[in-house]
Amino acid sequence: MPDTARIVKSGLIQMALPEGGAHGDKDAITEAMIAKHIPLVEEAGRQGVRILCLQEIFNTPYFCPSQDSSWFSTAETVPGPTTERMAAYARRYSMVMIVPLYESEGAGFLYNTAAVIDADGAYLGKYRKTHIPQTAGFWEKYFFRPGNLGYPVFDTAYAKVGVYICYDRHFPEGARALGLGGAEIVYNPSATVRGLSDHLWMIEQPAHAIANGYFMGCVNRVGTEEPWNLGKFYGSSYFVDPTGRIAAQASEDADELLVADLDLGAIDKVRAKWQFYRDRRPDAYASVTAP
């Protein structure tokens, strides 16, 4: 029988752009995207979700198919206006929130970031995306500096939480670092389109969960974002347990709140069987970190 004291109800919100796409005033687009999220944030609260994760740069389009410097203006401080706004919902519903944003630390210092807000609305800290792609349609190095905060694990009211963002998921090293840091649930907010890596979407993150003995919550956008027409963001957000089994999965094309009960007591049971932390050999891995 599961230990009910260790069951955490978690949620993921996948979302398409509002009608009109990315055309028009950028402040208006951002406000419309936030407003579109609020009903599902409130629904998560009503359902008793304890930890809620939003998608990558949740309040703007995925603007990286362009190399349009005007999108720099949508970056904000973290903590800042949007995290304060989301903190009000965290307090109202006693709900931890992972809020991915475009962060400005100052002119020219821009990051793809996720803020972590505790259940009392307190800002706990942030993770900055470490691995920044630069490939056709994903010109992220134009917009983001590589993360420089390492792999923090946040001791929230309900669980020890780590964050990995989108392209990070292709790199096992950070996923391991989060496990070594004590993460029980790792969230991966993403923006990925069909035909690029959808066959990897259901492989890599379950593999991280197995190798590190933790849960993952993986959230992807939905829809086609104009004017870039990069391709279809295929949703399919999901939770995976430490054995690699899918606990719940969302649709491919709908705005959706996905909710699952995660039995964190399973972590001890899995790690007692699969002793990957005992049997790992860091003394044998020097070549992995060689330049």
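Could you look through the range 59-94, keep only residues that are assigned to a helix (DSSP H, G or I) and of a type in the set (V, I, T), and pick out the one that is surrounded by the most Cβ atoms within 10 Å (Cβ to Cβ)?
T83
Look at the range 236-291 and say how many of its residues are among the hydroxyl-bearing types (S, T, Y) and over 18 Å from the mean Cα position of the chain (by Cα). So that I can check it myself, show each step before the final result.
Pass one, the range 236-291, residues among the hydroxyl-bearing types (S, T, Y): 236-238, 243, 251, 277, 285, 287, 289.
After this cut, where a residue has to be over 18 Å from the mean Cα position of the chain (by Cα) as well, the list is 243, 277, 285, 287, 289.
The total comes to 5.
Identify, by number, the condition in (1) touching a residue at least 40 places away in the same chain (Cβ under 8 Å); (2) touching a helix residue (DSSP H, G or I) at 6+ places or on another chain (Cβ under 7 Å); (3) of a type in the set (A, V, I, L, M) that A250 doesn't meet.
The failed condition is (2).
Output yes when any residue across the range 14-31 is of a type in the set (V, I, T), under 19 Å from the mean Cα position of the chain (by Cα) and more than 25 Å from Y238 (Cα to Cα), and no when none is. First the steps, then the outcome.
Within the range 14-31, the first condition is being of a type in the set (V, I, T), and the residues that meet it are 29-30.
Then drop every residue that is not under 19 Å from the mean Cα position of the chain (by Cα), which leaves 30.
From what is left, the residues that are more than 25 Å from Y238 (Cα to Cα) are 30.
Yes, the range 14-31 contains a residue that is of a type in the set (V, I, T), under 19 Å from the mean Cα position of the chain (by Cα) and more than 25 Å from Y238 (Cα to Cα).
Just one of the numbered conditions (1) farther than 26 Å from Q14 by Cα; (2) among the β-branched types (V, I, T); (3) surrounded by 14 or more Cβ atoms within 10 Å (Cβ to Cβ) is not true of V288; which one?
Answer for V288: the failing condition is (3).
Go through (1) among the aliphatic types (A, V, I, L, M); (2) part of a helix (DSSP H, G or I); (3) in contact with a helix residue (DSSP H, G or I) (Cβ under 8 Å, 6 or more places away or on another chain); (4) closer than 19 Å to L258 by Cβ and name the single condition I34 misses.
(4)
Where a number appears in this text, it was derived from the coordinates with a stated rule and is not lab data. Just so we're clear, the structure is a prediction, and the values are computed from it rather than from any experiment. Cβ sites come from the backbone with ideal geometry, for glycine too, and all protein chains shown count toward neighbours.
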